[in-house]
Structure formats: C-alpha cells, structure tokens
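Read the structure below first, then the notes.
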Amino acid sequence: MFVSIDQEQYQIIEEPYYKEVHDEISLFEAAYAARLPMMVKGPTGCGKSRFIEYMAWRLQRPLISVACNEDMTASDLVGRFLLDKDGTKWQDGPLTTAARMGAICYLDEVVEARQDTTVVIHPLTDHRRTLPLDKKGELLHAHPDFLLVISYNPGYQSSMKDLKQSTKQRFGALDFSYPDRDLEIEIVAHESGVSTEMAGKLVSIAERSRNLKGHGLDEGLSTRMLIYAGSLIEKGIEPLAACSVALVRPITDDPDMRDALDAAVTTFF
C-alpha cells in the first residue's frame, strides 16, 4: 500500500533547457524503463544536475534532490522521530519520501557523504527495492516508479573519499564532460543572453584554462562559470571585469595562475 503524498511541490512544470551531447537521453530513458539506478559522473558545472532535471520533466516524474555533505547522517536521508506539543511523530527524510511517492531521488555529489550513510541506499538499488526504517519498525517497499540517481566528480576523488565497489556496482553510469565548442557556445549564449560572438570568446578562454588542468588548476573553467560571466556582461559589466569576477578569481588564489588566466582573458578582450 502506497501513501498519498502531495507531489506538486516536486514536479518540474516547465521544460528545463538542455542540449543533448551524445545519446544520454535515450540511455537514461531505457534505464528508467528498467528501473536501473543510475550515476552521472563528470566535472563540476558540466550539466549533470540540469540533465537530471530535464529527464524528470521528460519522464513526468517528481524530482527530490539532496546536496550531500560530510555531516549528513543516515537519518537525514531516511527520517527521524521529532518532538512536538503532542509528543513524538515520525518525519520521512527525502529518500523515504521519494521511495513512497515514486519520485526520482537525486543524491548530488554523493561521495561527500560518509560511507556509513550511503550504505543505506543498498537495499533500494538491487532486486529488493526496499528501505528498512529500523527506528520506525517499517520495511518500506519502493513505489514502482521510484528511481535513485547519484552524481559525483571523479576528478576530485581519492582513496579516502570514493564510492565503495559494493555501491558502484549497483548502478549504471553515464560519463559527462564539457560540450563540444559549437554546442557550448550555443548553451552559453542561450543561458546568459550574450551574442554568439561573445559566447565564443568566453568558450575560447575556457578551452585555454582546461589545458591547465593538472598544471596548476584542479579543474578548468566550467560551462556554468561561462554562463555567469556572460550574465554579468549582459547586465552591462565590462568583459574584463566580468571575467575577473566570474572566471579568474573564483577558480584560483595562486598569483601566477591568476596572471596566466588574466592573460588569456586579455587575449580576447
């Protein structure tokens, strides 16, 4: 028996803007049809979260997103008893809510959570599709439409902060990266409102920064950062100042690296 939950607050009404890079849409649709849990992997700001929003809209399923962090406990995901004037009452966590209503539950940057926290998802990601609510004494059987999706950035992982193999092997996976040049220009222009010519200059700066990955930068400039810079330019900020605020200063504090990125910016502006 499934509990009736107000889904409207989790439903994505308007179509999110998303441009397909490869064949990720059809692959995700097939995974959803098979109820195969999915992980999306790729650098920060490359469109992973937007893709999941788009797929939730396309599949007409509610979406419950959780930004994972190192302080997150299993109770934060599953739920807990709370005290009020009438005594104690159980409050479902986001994972439990999604499993009850048949939503897509998206755990963003899942490796930021402790491994003893992420292990609670295991029964939901195999043939059982159940979630034990030990504190409540309930074994929750997931709604037939429920799907679990996780994301992380492989470039930031270490042996001390990575998913266990017992977790990884429960998911299908899609690799994400920054779009090809022409597509990235189209995305930046659409999302920020700048001209295609201006978007092309921003993408050229990003391409140079991405060549510095592993040579002073952990990551190159993301598509999201280019959209931020374009948005400032569209609001009337001079391109040099906009790039300094949205591109160079956020990504590094190293003086030499800032000089190198500033030089790349001045090449185009």
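Values for this structure:
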quantity	calculated
Among (1) part of a helix (DSSP H, G or I); (2) under 16 Å from the mean Cα position of the chain (by Cα) - the single one Ala31 does not satisfy	(2)
Residue count for the stretch 236-249, restricted to those that are out of contact with any helix residue (DSSP H, G or I) (no Cβ under 6 Å at 6 or more places or on another chain), in a helix (DSSP H, G or I) and free of Cβ contacts under 8 Å to residues at least 24 places away in the same chain	4
Sole exception among (1) touching a residue at least 60 places away in the same chain (Cβ under 8 Å); (2) more than 18 Å from Met38 (Cβ to Cβ); (3) part of a strand (DSSP E or B) for Trp90, by number	(1)
Near pairs, Cβ below 8 angstrom, 6+ apart or cross-chain, from the stretch 124-140 (under 13 Å from Phe81 (Cα atoms)) to any residue that is of a type in the set (D, E, K, R)	Lys135/Arg80
Positions within the stretch 9-29 being within 24 Å of His143 (Cβ to Cβ) and surrounded by 12 or more Cβ atoms within 10 Å (Cβ to Cβ), in sequence order	Tyr10, Gln11, Ile12, Pro16, Ile25, Leu27, Phe28, Glu29
Matching residues in the stretch 193-206 - criterion: being surrounded by fewer than 21 Cβ atoms within 10 Å (Cβ to Cβ) and in contact with an Asp or Glu (Cβ under 6 Å, 6 or more places away or on another chain)	Gly193
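A quick yes/no check of all residues on (1) buried (at least 20 other Cβ atoms within 10 Å of the Cβ); (2) in contact with a Pro (Cβ under 9 Å, 6 or more places away or on another chain):
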{"site": "Ile121", "(1), (2)": "yes, yes"}
{"site": "Gly137", "(1), (2)": "no, no"}
{"site": "Tyr152", "(1), (2)": "yes, no"}
{"site": "Lys168", "(1), (2)": "no, no"}
{"site": "Arg181", "(1), (2)": "no, no"}
{"site": "Ala229", "(1), (2)": "yes, yes"}
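Let's see how each residue does on (1) on the phi < 0 side of the Ramachandran plot; (2) aromatic (Phe, Trp, Tyr); (3) in contact with a helix residue (DSSP H, G or I) (Cβ under 7 Å, 6 or more places away or on another chain); (4) at pLDDT below 95:
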{"site": "Ile185", "(1), (2), (3), (4)": "yes, no, yes, no"}
{"site": "Ser195", "(1), (2), (3), (4)": "yes, no, yes, no"}
{"site": "Ser209", "(1), (2), (3), (4)": "yes, no, yes, yes"}
{"site": "Gly216", "(1), (2), (3), (4)": "no, no, yes, yes"}
{"site": "Glu234", "(1), (2), (3), (4)": "yes, no, yes, no"}
{"site": "Ile251", "(1), (2), (3), (4)": "yes, no, no, yes"}
{"site": "Arg258", "(1), (2), (3), (4)": "yes, no, yes, yes"}
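The values are calculated or read from the model by the stated rules, or taken from the named source; none is laboratory data. Note that the structure is predicted; figures quoted are calculated from it, not measured. Note: ideal-geometry Cβ built from the backbone for every residue, glycine included; neighbour counts use all protein chains shown.
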